[in-house]
Amino acid sequence: MYKYLKLIVILFFYFLSFSSEKVIAVEKIKIGLLVPMTGDDKEIGIQIIKSIRIALKDINSKNLEIYPKDTNSNPTKTINAANELKKMGINIVIGPVFYKSLSYLDEIEGMTFVSLTNKTLNLPKSVISSGINATSQINAIKKFTEMNKLNKVIFLTPNLNYESEIKRAIKKSKIKISKLYVYDTEPTKLTAQIEKITNYKIRKQNLSDEIKRVEDSDLPDKERQLEKLKKKYTIGNVNFDTVIISDFEESLKSVITSFLYTDVSPKKKYIISFNQWFDESFLNEKTIQPIYYPSIDKDNLDSFKKKFFDEFNEYPNYLSLLSYDLVGLIYYLTLENSILDADKLFKRKNSFKGKIGVFDVENNQINHRLNFYKINGGKFIKIF
């Protein structure tokens with residue numbers, strides 16, 4: 001009798017264990033989504049929703065559910081929408097999209113927000129930045145400078161609202177730079193600053209002095225030397241081999257053009273910028289090439305753009321690709337931790353390979369391992 005009782009107890013615990021595993025396996029993964037569905041940014045929000053629909057289709061799990069709410073890119077509407085999600089029992093959210101929408105999220109406890117912003121300073125404690133931040137970009141730049149043994153590196157950043165982010169990223173990445181310059185984006189002031197950085201006036205004067213010296217000389221090849229000198233713009237070198245510019249689009253073009261004006265050519269010095277997202281307007285600007293920069297994998301981006309176009313007959317914005325990957329990242333992390341422990345999902349060290357590239361997750365931070373590209377000859381060329 002005792003043996004039979006013992007067998008029943010063993011079988012009971014066996015089936016109890018099996019049943020528990022079954023419960024965990026079918027646990028619903030409910031993810032909130034905070035995006036602008038009205039207002040000036042609604043097109044961005046709608047495209048993000050479409051990309052998440054593709055992610056759900058690709059993951060193909062009945063246990064994964066997404067609940068979108070409108071933020072209107074407004075902090076007050078954002079916290080109201082977040083509270084609605086909390087009442088639904090949702091404790092992990094993709095979004096908000098923009099930094100300005102994060103203002104009041106500190107008021108909510110027990111929720112984790114994976115925002116698409118790339119800013120990492122002064123975030124509410126419940127917010128994790130998932131955008132391609134300055135640290136991720138400088139890490140890739142550091143890899144490139146070390147590969148090419150570049151040791152006279154100067155760093156230029158505009159006098160805008162992300163200067164502190166840049167300084168923090170430089171410190172975190174431990175990249176070796178000779179000097180950090182903060183420049184004014186107003187064209188006249190910018191040109192004056194670049195002239196100072198490149199010692200342009202001294203180098204220009206060096207040329208004038210050398211022309212006068214040769215003109216006053218009795219050198220046998222005087223005319224040939226004068227002809228050669230008059231083809232130059234300056235004489236003398238600059239004290240750097242690499243310029244890193246944390247700027248974008250037309251403003252970046254202005255900075256590089258200012259270097260050209262001071263006779264510092266991208267063909268002789270490395271010009272490295274931040275992620276330009278394969279902006280095709282740079283391809284025709286051949287006088288300012290080559291330009292080097294970190295970015296996501298272009299092949300993956302092109303593949304996703306095709307998939308998105310085939311599904312919706314339009315091309316996605318870049319935040320769509322990031323949001324697509326975040327669904328996969330959260331789903332992957334919940335395979336190791338319960339969705340109920342959302343605050344633990346991003347604390348443990350993990351790596352996840354998505355369309356955008358590799359995410360490194362640890363201590364509630366997300367960094368990206370980026371590729372590196374060169375714009376030259378009107379083409380995007382992958383370096384690593």
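Coordinate-derived values only; no laboratory data. Fair warning: this is a prediction, and the values are worked out from it, not measured in the lab. FYI the Cβ positions are ideal-geometry reconstructions off the backbone, even for glycines, and counts take in every protein chain you see.
Distance between the pseudo-spin-label points of E285 and E311 (7 Å out from Cα toward the beta carbon): 3.3 nm.
Evaluating kT/(6 pi eta Rh) at 4 °C and 1.567 mPa s, with the Kirkwood radius of region 295-384 over Cα pairs in the Stokes-Einstein relation, gives 89 µm² s⁻¹. Could you pull out the pairs from K77/K307; K149/K382; K57/K143; K228/K269; K119/K176; K204/K382 whose alpha carbons sit more than 27 Å apart here? Among K77/K307; K149/K382; K57/K143; K228/K269; K119/K176; K204/K382, the Cα-Cα distance tops 27 Å for K77/K307; K57/K143; K204/K382. Between L156 and Y181, I244, I245, S246, the built amide H atoms are under 5 Å apart, and every one of these is 5 or more places off in sequence or on another chain.
Note on Y233 and R53: with the Förster distance fixed at 45 Å, the Cβ-Cβ geometry gives a FRET efficiency of about 0.20.
In the list (1) 122, 51, 40; (2) 68, 66, 34; (3) 95, 57, 49, the label attached to Cα extents along the principal axes in Å as derived from the coordinates here is (1). Excluding same-chain neighbours fewer than eight residues apart, the aspartates and glutamates reachable from K100 by a Cα-Cα span under 13 Å are D41. Rounded to the nearest 10 degrees, the angle from helix 318-334 to the longest Cα principal axis of the chain is 40 degrees.
Largest first, the three principal axis extents of the alpha carbons in region 57-163 are 55, 37, 22 Å in whole numbers.
Evaluating 6.51 cos²θ - 1.76 cosθ + 1.60 at θ = phi - 60° for every residue in region 98-111, the Karplus couplings come out as 10, 4, 5, 7, 8, 3, 9, 5, 5, 6, 9, 9, x, 10 Hz, glycine and proline recorded as x. Helical runs (DSSP H, four residues minimum) scored at -39500 (n - 2.57) apiece and divided by the length of the chain put the mean residue ellipticity at 222 nm at -13500 deg cm²/dmol.
Measure nothing but the geometry: give the 0 to 90° angle between the long axis through the Cα atoms of 163-173 and the longest principal axis through the Cα atoms of the chain, rounded to 10°. Computed tilt is about 80 degrees. With R₀ set to 25 Å, the beta-carbon distance separating I381 from D184 gives a calculated FRET efficiency near 0.20.
Quick check: the angle from helix 42-59's long axis to the longest principal axis of the chain, C-alpha only, nearest 10 degrees? That works out to roughly 60 degrees.
Simple spin-label estimate for D341 and N80 gives 3.7 nm between the two label positions (7 Å along the Cα-to-Cβ direction from each Cα).
Structure remark: mean-square fluctuation, Gaussian network model of the chain, C-alpha springs under 10 Å; the largest value among K77, K230, K179 belongs to K230.
Pairs over the 26 Å Cα-Cα cut-off, from the set K189/K253; K179/K298; K142/K353; K231/K379: K179/K298; K231/K379.
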